[in-house]
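Peer 1: I am attaching a structure below and will ask some questions about it afterwards.
The values are calculated or read from the model by the stated rules, or taken from the named source; none is laboratory data. The shown structure was predicted, so the numbers you read here are calculated from the model rather than taken from an experiment. Here the Cβ positions follow ideal geometry from the backbone for every residue, glycine too, while neighbour counts run over all protein chains shown. Areas reflect the complete protein model, heavy atoms only, side chains present, ligands, DNA and RNA absent. Shrake-Rupley method; radii C 1.70, N 1.55, O 1.52, S 1.80 Å.
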Amino acid sequence: MRTKLSSLLAGIGLAAAASMPAIAHHAFGGEFDPNKPVLLKGKIITIEWVNPHAWIHLEIPKADGTTPCQYTPDAKCEEWMVEGGTPNTLLRRGITKESLAKGTEIVVDGYQTRDHSLSRANGRNVTFPDGRKLFLGSSGTGAPTDGSDPTEAPKPGQRGRGGL
């Protein structure tokens, strides 16, 4: 009886551990739409510097925005969440907590979620006010190849979206 219970608990533990990576990570195509590129220009509200992906929250001024902007006086904004690579990957690419300071205006080139009612995107590139452009996305996720990832050559038949 004791052996059966131990075996059952061990089996449940192994099944739970094996399912964790599947729950924690997703393929690009499962959540984001490769046919819905977005170009977002706004100021950083906050950063979630967490695994498996960092998230940048931006305020995007909109005439029909729903909330007052924090960093753009007398304007209404829409808040967008932009998924980036892992914090470790971003650090290796030169993106730090200091370079993503609250109130910094950035331009993010990326892809919107498949659920177009959400203000959420997967970030491909981030362009800073001084013109520096860094790769924000995580490679190998199934995102369209556009030459932005310095570790990956463009695939034949996919055209790049160019700069800003």
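Peer 1: What does the accessible area per residue of region 62-116 come to in Å², with a 1.4 Å probe and no ligands, DNA or RNA counted?
Peer 2: 55
Peer 1: At 0.36 nm per residue, and after removing the present C-alpha to C-alpha distance, how many nm does the segment from LYS133 to LYS97 gain when stretched out fully?
Peer 2: 11.4 nm is the gain from fully extending LYS133 to LYS97.
Peer 1: Quick one: Cα centre-to-centre distance for region 74-107 and region 36-70, in angstrom?
Peer 2: First find each Cα centre; the distance between them is then 8 Å.
Peer 1: How large, in percent, is the carbon and sulfur part of the accessible surface of region 28-87 at a probe radius of 1.4 Å? Provide the component values of the computation, followed by the final result.
Peer 2: Details: 1560 of 3020 Å².
Ligands and nucleic acids excluded, carbon and sulfur reach 52 percent.
Peer 1: Please work out the FRET efficiency for the pair ASP74 and ASN51, using the Cβ-Cβ distance as r and a Förster radius of 35 Å; give the result to the nearest 0.05.
Peer 2: Numbers: r = 38 Å, r/R0 = 1.08.
Between ASP74 and ASN51 the formula returns 0.40.
Peer 1: Under the rule a/c < 1.5 gives rounded, and otherwise a/b versus b/c splits prolate from oblate, where does region 62-131 land using the Cα gyration tensor?
Peer 2: Since a/c reaches 1.5 but b/c is at least a/b, the shape of region 62-131 is classed as oblate.
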